[in-house]
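Notes follow the structure.
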Amino acid sequence: MPEPRQNPHFDDPGHQAVPGAAGSGGATNLAMSEGETLEQTPDGPEGTGPAAKPRSLWSDAWRDLRRNPVFVVSSLVILFLIFISLWPSAIASGNPLSCDLANAQEGSQPGHPFGFNGQGCDVYTRTVYGARASVTVGVCATLGVALLGSVLGGLAGFFGGAWDAVLSRLTDVFFGIPVVLGGLVLLSVITSTTVWPVVGFMVLLGWPQISRIARGSVITAKQNDYVQAARALGASSSRMLLRHIAPNAVAPVIVVATIALGTYISLEATLSFLGVGLKPPTVSWGIDISSASPYVRNAPHMLLWPAGALAVTVLAFIMLGDAVRDALDPKLR
């Protein structure tokens, strides 16, 4: 009988059929391609590769802020305000205290685009120079409030006990004081023409808000696992507070302080309008608004320009605070 015809592929026990492979070299080529595929790292989005550094909350926030048009516009306005506060003579060559009664309440003229006020002073020059006092009060008051409130609130939230109870009752007392009424009482007896009495008053009545926010943020942060691990490893209280809790609890304080900066600028204008804030010869938007209010019908330009500058400044800081809040709040992502 004729011997059955044998298939050469089954005769070789080391040979395995590979779909799509031509001849015995198909398995080798497939193995090589699989090895190359495992060695190669796909190019993913930025920050997703194995060698990419992990992004923190601050890096993510900065990336979001750069893409936010509200942050960009408000930052440009604030940078311009800071520039004219430091160097007002760069865009206004006149003297804000140089007045001529012959030009009182006059409208726009060549070289004087905003007209003159009731004393014959150039409104444009006074509007530019008025930014210095308002921005100085807002920035210094915000820094003082943020520093004092963060320290007191952070210590109360971290240690608790009697310190927390005393601070909580003290903040309740300060919250019960009306800000404008307190300014009328405290600042009416001060005759200084500098900005520091107004700054001190704002810090005195503004720190309780930041203190409560810092206290709650520290209480939340100290319950996290990394703080418990640091305590189990024997870390001191100061190290846990400064290295582990403070960097993770400062974001809400920054957001509230940024928004409050615009509020302090408007508060300074309000107190100056009432006659207990900044006093002449200091140039301030609040002082100019107060002096222009009786002539709003006959010379509205006297009130329009300083009030408009104040509104734009407060709006810019509030918009900046909203943008920072959206970037630092993970719940809004």
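Each 10 Å bin from zero holds the following percent of Cα-Cα pairs in the range 214-283: 18, 30, 17, 16, 14, 5, 0. The Cα-based radius of gyration and maximum Cα-Cα distance (Dmax) for the range 279-333 are 16.9, 52 Å.
Using only the heavy atoms of the protein chains and a 1.4 Å probe, how would LEU241, LEU271, LEU147, LEU170 rank by accessible area, largest first?
Details: LEU241 30, LEU271 0, LEU147 120, LEU170 75 Å².
Largest to smallest exposure gives the sequence LEU147, LEU170, LEU241, LEU271.
Sorting VAL276, VAL166 on solvent-accessible area from highest to lowest, probe radius 1.4 Å, gives VAL166, VAL276.
Each residue, ARG231 and SER188, gets one label point 7 Å from its Cα in the Cβ direction; the gap between the two is 5.0 nm. Across the range 255-267, computed HN-Hα scalar couplings (Karplus, 6.51 cos²θ - 1.76 cosθ + 1.60, θ = phi - 60°) run 5, 5, 5, 5, 5, 5, 4, x, 5, 5, 5, 5, 5 Hz from first to last residue, x flagging Gly and Pro.
Add +1 for every Lys or Arg and -1 for every Asp or Glu among the other residues with Cβ under 12 Å from the Cβ of ALA246, and state the total.
Working: positive: LYS222, ARG239, ARG243; negative: none.
Charge balance near ALA246 sits at +3.
What the Cβ-Cβ distance of LEU274 and ALA162 gives, at R0 = 51 Å and to the nearest 0.05, is a FRET efficiency of 0.80.
Take the solvent-accessible surface of the protein heavy atoms, probe 1.4 Å, and return the percent of it on the range 76-232 that carbon and sulfur atoms account for.
Values: 5330 of 7900 Å².
The value for the range 76-232 is 67 percent carbon and sulfur by accessible area.
Averaging 1/r across all pairs of distinct Cα atoms in the range 207-333 and inverting the result yields a Kirkwood radius of 17.6 Å. Compute the signed sum of charges (Lys and Arg +1, Asp and Glu -1) over the other residues within less than 13 Å, Cβ to Cβ, of VAL166. Charge balance in the 13 Å sphere: 0. At a probe radius of 1.4 angstrom, the accessible area of the range 174-333 per residue rounds to 49 square angstrom.
Compute the convex hull volume of the Cα atoms of the range 105-189, divide it by the residue count, and report the result per residue in Å³ as a whole number. Please list the in-between numbers first.
Numbers: hull volume 11.0 nm³, N = 85.
Expressed per residue, the convex hull around the Cα atoms of the range 105-189 is 130 Å³.
The values are calculated or read from the model by the stated rules, or taken from the named source; none is laboratory data. These numbers come from a predicted model, not from an experiment. When we count neighbours, we look across all protein chains shown, and the Cβ atoms used for this are built from the backbone with ideal geometry, even at glycine. The accessibility values were calculated without ligands, DNA or RNA, using every heavy atom of the protein model including side chains. Shrake-Rupley method; radii C 1.70, N 1.55, O 1.52, S 1.80 Å.
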